[in-house]
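One structure is given here, and the rest of the page talks about it.
Just so it is clear, none of the values below were taken in a lab; they were calculated from the coordinates. Note that the structure is predicted; figures quoted are calculated from it, not measured. Note: ideal-geometry Cβ built from the backbone for every residue, glycine included; neighbour counts use all protein chains shown.
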Amino acid sequence: PRVKTLEVTNITSGGASFSAEIVYTSVPVVDHGFLWSEYSDALFSNSDKISLGSKSGAGRFEAQCDRSLLEGKTYYVRGYAISDDHKVYGDIVTFTSLGSKAPVIKDFYPALAIWDDTVTIVGENFSSVLSNNVIKFNELQANVFKASKDTLHVKVPYDLMEEFSSISVSLAGNVSTLQKKFQLRA
């Protein structure tokens, strides 16, 4: 496949619209979408991603990006297409963000655990780039080891001493805290 990234439009405090085009393909496209990053070489290893799934034939595609964008920050976005044998990137397009939606924590489990146990946080508007998500149990930062737009996997901090803790997610200048409390099992 051959991919052309188009101009970013509709840049608002709630996100931005990404557009690209598969200008040619002679093989089935098993996944296509967008990568964006604060780094000029936006790749799967260092970028957030919007996956749109398979696509038959050439043509334009678009997606609304409403997460992981810090106000006033320059981002690099590119379309991509993946076939059985190739991963193809479009050219990089830059834009300056006006912000995006805040992360939302809907739940976490287990609600009772010990140090270094894994806690899964479910919600929306998270970043798939591990370092972009700052998770805290009260004021102690947790290690994030797996992340997607709607799920975070973190380790309970060793230094946590309080029996009950609030869990918060900070991302792109926005913070979300759930009323439900985490309980540390001694």
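Our coupling estimate for segment 130-142, obtained by passing each phi through the Karplus curve with A = 6.51, B = -1.76, C = 1.60 and θ = phi - 60°, is 3, 5, 6, 8, 10, 9, 10, 9, 6, 9, 8, 6, 9 Hz, Gly and Pro reported as x.
Ranking Gly53, Gln141, Ile105 by Cα position along the charge dipole of segment 44-186, where only Lys, Arg, Asp and Glu carry charges on their C-beta atoms, puts Gly53 farthest toward the positive end.
Hey, how many Å between the Cα centroid of segment 73-95 and the Cα centroid of segment 130-177? What the calculation gives is 29 Å, centre to centre. By definition, a body whose alpha carbon gyration tensor gives a ≥ b ≥ c is prolate when a/c is 1.5 or more and a/b is larger than b/c, and the chain fits this prolate description.
Given a cut-off of 17 Å, what percent of all Cα-Cα pairs of segment 1-97 lie beyond it? Every Cα pair in segment 1-97 considered, those over 17 Å come to 43 percent.
At an R0 of 22 angstrom, the distance between the Cβ atoms of Glu162 and Glu124 translates into a FRET efficiency of 0.20.
Along segment 22-33 the Karplus relation, 6.51 cos²θ - 1.76 cosθ + 1.60 evaluated at θ = phi - 60°, assigns HN-Hα couplings of 8, 7, 7, 7, 10, 10, x, 9, 8, 7, 8, x Hz to successive residues, with x for each Gly and Pro.
Here the label points at Asp31 and Val134, each 7 Å from Cα along the C-beta direction, are separated by 2.9 nm in the simple model. One quarter of the convex hull surface built on the alpha carbon atoms of segment 137-177 amounts to 3.2 nm², the projected area averaged over directions.
Using R₀ = 30 Å, calculate the FRET efficiency as 1/(1 + (r/R₀)^6) where r is the Cβ-Cβ separation of Glu62 and Gln179; round to 0.05. Once the sixth-power term is evaluated, E becomes 0.25.
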